[in-house]
Amino acid sequence: MKTLLTISALLILTVSATAQRQISYAYTEIKKGQYNTCARTSYLLKNAQIKKQSGKLSIPIAGRPAKVFKDDNSDENFHEFDYMGEIKGTKLSLVKRTDYNHEEFYLLNRSTGAIDTLIGEPVFAQNMRDFACINNPGTDEEQQVQICEINKGAVNTRVYLKGKADAFLEGIACIKRNFLYAKDNQGSYWKLSFEIGDE
């Protein structure tokens, strides 16, 4: 019986250890020239038929009622929505929500009506599958980098990484599958390399 319990305990520990994701990442300072060689991918197309009217942004969904985003101009719950455009080669629309101290972005699937929330404006890789965002954190928040991919029309967040501890990242120049280039608010340039163990 003692042997059976020991084997069971080892099996449980093995399963829980393999279920945890191994994530490693590092920031390396790079030169401005290296940052500039990585061109941003143009990914937005405007749909002239989608316009906000009377504080309501309405985006059509195939075979379903349109998704409506309503501005709220009250002091207590102020927020407004802006249509940013369509993501090239997808059925995704990008919508920005802004309130007093925060902004976030929504990717709306025009086929299913599903909405995925992003912490910042996305920057896409040339393959139009991989993308990343950085947030503009509030006073009590840490900066994060959201690494995502589009797989079969659905958005998947691969990982959230901490921003650089002693810098404030302002913009991403480009992203590849396992790294991105970013600029900070002090004029330094960084390569963020990352490995996600279960991929």
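Read the figures in this text as sums done on the coordinates, not as results from a lab. Just so you know, these numbers come straight off a predicted model, no measurement behind them. In this analysis, Cβ positions are derived from the backbone assuming ideal geometry, glycine residues included, and neighbour counts consider all displayed protein chains.
The Cα center of segment 93-112 and the Cα center of segment 21-65 differ in position by 10 Å. Normalised by the number of residues in the chain, the average gap of Cα pairs under 8 Å and 6 or more apart makes the relative contact order 20 percent.
Looking at segment 69-141, the trypsin sites (Lys or Arg not before Pro) that sit in a DSSP loop and have at most 15 other Cβ atoms within 10 Å of their own Cβ are Lys88, Lys91, Arg129. Normalised Debye scattering of the chain at q = 0.13, 0.14, 0.17, 0.19 Å⁻¹ gives log10 I(q)/I(0) of -0.81, -0.90, -1.17, -1.34, counting only Cα atoms as equal scatterers and leaving out solvent.
Calculated FRET efficiency, Gln144 to Gln49, Cβ-Cβ distance, R0 = 35 Å: about 0.55 to the nearest 0.05. Model label points for Lys152 and Gln126, set 7 angstrom from Cα along the Cα-to-Cβ axis, are 2.8 nm apart.
For segment 83-184, which chymotrypsin sites (Phe, Trp or Tyr not before Pro) are in a loop by DSSP, counting at most 15 other Cβ atoms within 10 Å? Walk me through the intermediate numbers first.
Working: sites: Tyr83, Tyr100, Phe105, Tyr106, Phe124, Phe131, Tyr160, Phe168, Phe179, Tyr181; in loops: Tyr100, Phe168.
Answer by residue number: Tyr100, Phe168.
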